[in-house]
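Where a number appears in this text, it was derived from the coordinates with a stated rule and is not lab data. The shown structure was predicted, so the numbers you read here are calculated from the model rather than taken from an experiment. Cβ placement follows ideal geometry from the backbone for every residue including glycine, while neighbour counts extend to all protein chains displayed.
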Number of protein chains: 2
Amino acid sequence: MIANPMNDFTSQHYETERLKYAKTIQQALDQTLTPAHLSGPGKAPEQLVNAMRHGALNGGKRLRPLLVMQAAKIFGIPQNLSLHAALSVELVHCYSLVHDDLPAMDDDDLRRGQPTVHKAYDEATAILAGDTLLAQAFALLADEQCHQDPQIRSSLVLELAKGAGAGGMAGGQALDLEGEKGGFSMNDISRMQDMKTGALITSSVRMGAILGGADQPQLAALTTYGQAAGRAFQLADDILDITASAEQMGKATGKDAARSKPTLVARIGLDAAKTHLGETIHKALSALLIFGAEADGLRATAIYFAERKN
Amino acid sequence: MIANPMNDFTSQHYETERLKYAKTIQQALDQTLTPAHLSGPGKAPEQLVNAMRHGALNGGKRLRPLLVMQAAKIFGIPQNLSLHAALSVELVHCYSLVHDDLPAMDDDDLRRGQPTVHKAYDEATAILAGDTLLAQAFALLADEQCHQDPQIRSSLVLELAKGAGAGGMAGGQALDLEGEKGGFSMNDISRMQDMKTGALITSSVRMGAILGGADQPQLAALTTYGQAAGRAFQLADDILDITASAEQMGKATGKDAARSKPTLVARIGLDAAKTHLGETIHKALSALLIFGAEADGLRATAIYFAERKN
């Protein structure tokens, strides 16, 4: 018998938990992104560190680290032991936002209601801040404090590198830019979104599973969950881009249509997209049937992905 | 008794060896940078892969992978077992060139006589190609094929992430851009160059040592060698920027002065720089005194760094 995640979600409980996780991540990022912790052969330059902090500390929802921690929790891994992995996916997410916002990419001036990194600093600094956030993600995973077992540290690095790289998130961003030129089929759009948004979300869940020493059926189930959750997240994002105000979102909306970005919502319409979103959430929840109440966190997050208002 | 590296160097032997190593790296990069090997949850987009290949396969000297392999060879590690680590530092080097060449950074149109990646493709693709080369470097290190011992794989990831990151190479590039605005002391220039160029060269040598299971005194000696070799490499580069032709270098020369880039050569003059270069090579060679003939490769490379004509 599984718990009813809707109960958990509709109560205040989930929202309280989610914000508590987000605060933990925010505090840990604040501690990590300092010259003392960004160690290397030299001391990280102050302006670069400030730009990294600007890109990472401006109040994101921290949903990817939440997924790492919730997936790890299925296997009884406490929060302090999944923290490094959780931070690493957030650093990768933040690097991708800093680079995606650049003039040569999506050319965004605002992110979460604040100037984007290249606006607050300059383009060169934004490029380097993104690069160093990415490198730091791998430093965190390879550090002994991440996990005592080096096999697990290595597996986490491989998972994140693949999820972030040319066959994952960054490859999806390349396809997204290509798609603006037109000619994308429904399949092309799905592939692009599965890579651009889905890959890192799936990797987040899988990294929690790796931390927990999941067996193959468990890893497969969590991968299916991650893929469906990723699709749901993107669908909701595309729907909000049409239905929400810029104030609500903390960034410009209606931009997909203005840039002729290919989205499923643009192709199938708002109502069909909402139906599809419901089916996708169902798929995510079904994948978790092999788990008991220990997976309620992931269940509630899938539903949150679909129901969020910003 | 140590062998005389000059003999090795002035003979044709070293040059033949160096070119053989470079060919091995070139071939391995050619195989690695394909959609099949750039695996992830999705298939890497063709144009992005082509841009990555453009940035990585246009005939560099592959000196950093050479250092990895030569350092590993001290400990009897054969070339096939240091190949993944060697490739990873070259991918990081290539990513840094792709990003450094961008209009917002050094704004270079030519690299090794060919159009830079943003010229051959576009800026967005160049940013993503750099990002994905960086991610792929860590994927290579974390893969079981890199080394059977996950502790070594993790140590390699940590070393590379620190050498490449905010306290290493990318931090040095940030300082370099800062330095163009003026006001850099001799110490500031040294710090910048030690990070921008020295960090990755030092990490290359240290990664060879990690592969070889070096003990602390050996690692310390190789670190000192790497730092000195890195300084020598940069000094020689700054000297060549003044004395060599663009044709010889395959890129624009005289650019440091044109951009008011702070270099030691500009501060102390050509003759003093050449003397300093000699002292630095001496320091690199002295650090290797604890090793026998097995370190002759590294000795010859330090001398090559100083004597190269392009």
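Net length available on complete extension from B:Ile242 to B:Asp215 is 5.6 nm, with 0.36 nm assigned per residue and the Cα-Cα distance removed. Among A:Gly60, A:Gly182, A:Gly230, the residue with the largest mean-square fluctuation in a Gaussian network model of chain A, with springs joining Cα atoms closer than 10 Å, is A:Gly182. Dipole magnitude for segment A:258-310: computed about the Cα centre from +1 point charges on Lys and Arg Cβ and -1 point charges on Asp and Glu Cβ, it is near 380 debye. The fewest-to-most ranking of B:Ser154, B:Ser88, A:Ser155, B:Ser39 by surrounding Cβ atoms within 10 Å reads B:Ser39, A:Ser155, B:Ser154, B:Ser88.
In this assembly of identical copies, the label point of A:Gln216 (Cα plus 7 Å along Cα-to-Cβ) is separated from its counterparts by 4.5 nm, sorted shortest first. Note on segment A:75-140 and segment B:126-150: Cα centroid distance 19 Å, given to the nearest whole angstrom. Cross-link partners of A:Lys283 among aspartates and glutamates, defined as those whose alpha carbon lies under 16 angstrom from its own and excluding same-chain residues fewer than eight positions apart: A:Asp194, A:Asp296, A:Glu307. Reducing segment B:219-235 and segment B:284-310 to their Cα centroids gives an inter-centroid distance of 10 Å.
Put in line by how crowded their Cβ is, counting other Cβ atoms within 10 Å and starting with the fewest, B:Asp122, B:Asp237 read B:Asp122, B:Asp237. Applied to segment A:62-75, the Karplus parametrisation 6.51 cos²θ - 1.76 cosθ + 1.60 on θ = phi - 60° returns per-residue 3J(HN,Hα) values of 6, 6, 5, x, 4, 5, 4, 5, 5, 5, 5, 5, 3, 9 Hz, with x for Gly and Pro. So what's the gap between the Cα centers of segment A:8-55 and segment B:156-208, to the nearest angstrom? Value for the Cα centre distance between the two parts: 24 Å.
Each of A:Asp188, A:Asp101 was scored by other Cβ atoms within 10 Å of its Cβ. Listed from fewest to most, they are A:Asp188, A:Asp101.
Taking GluC sites (Glu not before Pro) in DSSP loop states with no more than 15 other Cβ atoms inside 10 Å as exposed sites, chain A has its longest site-free stretch at A:1-143. In this structure, the pairs whose alpha-carbon distance is over 28 Å, taken from A:Lys73/A:Lys309; A:Lys119/A:Lys274; B:Lys61/B:Lys255, are A:Lys119/A:Lys274. With viscosity 1.002 mPa s and temperature 20 °C, the Kirkwood radius over alpha carbon pairs of the protein assembly as shown converts through Stokes-Einstein to a diffusion coefficient of 86 µm²/s. The 3J(HN,Hα) values that the Karplus relation (6.51, -1.76, 1.60; θ = phi - 60°) gives for segment A:95-103 are, in residue order, 4, 5, 5, 4, 6, 4, 6, 4, x Hz. Gly and Pro appear as x. What residue among B:Ala164, B:Ala287, B:Ala229 shows peak mean-square fluctuation when chain B is described by a Gaussian network model with Cα springs under 10 Å? Answer for the Gaussian network model of chain B: B:Ala287. Which residues in segment B:185-208 have a backbone N closer than 19 Å to a point placed 7 Å from the Cα of B:Ile268 along the Cα-to-Cβ line? Of the residues in segment B:185-208, B:185-199 have backbone N under 19 Å from the label point off B:Ile268. Computed from the C-beta positions of B:Asp122 and A:Leu289, the FRET efficiency with R₀ = 41 Å rounds to 0.35. Would you tally the net charge around B:Lys119, using a Cβ to Cβ cut-off of less than 10 Å, leaving B:Lys119 out, and scoring K and R as +1, D and E as -1? Charge balance in the 10 Å sphere: -4.
Each other copy places its own label point for B:Glu144 at 2.6 nm from this one, sorted shortest first, where the point lies 7 Å along the Cα-to-beta carbon line. In summary, the lysines within cross-link reach of B:Lys43, defined as a Cα separation below 23 angstrom excluding same-chain residues under 8 places away, comprise A:Lys162, A:Lys181, A:Lys196, A:Lys261. With label points set 7 Å from Cα along Cα→Cβ, the inter-copy distances at B:Asp122 are 2.5 nm, sorted shortest first. From helices alone, chain A scores -21500 deg cm²/dmol at 222 nm; the rule is -39500 (n - 2.57) for each run of n ≥ 4 DSSP H residues, then divide by the residue total. Near A:Asp107, the amide H atoms lying under 5 Å from its own belong to A:Leu102; only residues 5 or more places off or on other chains count, and H is placed 1.01 Å from N.
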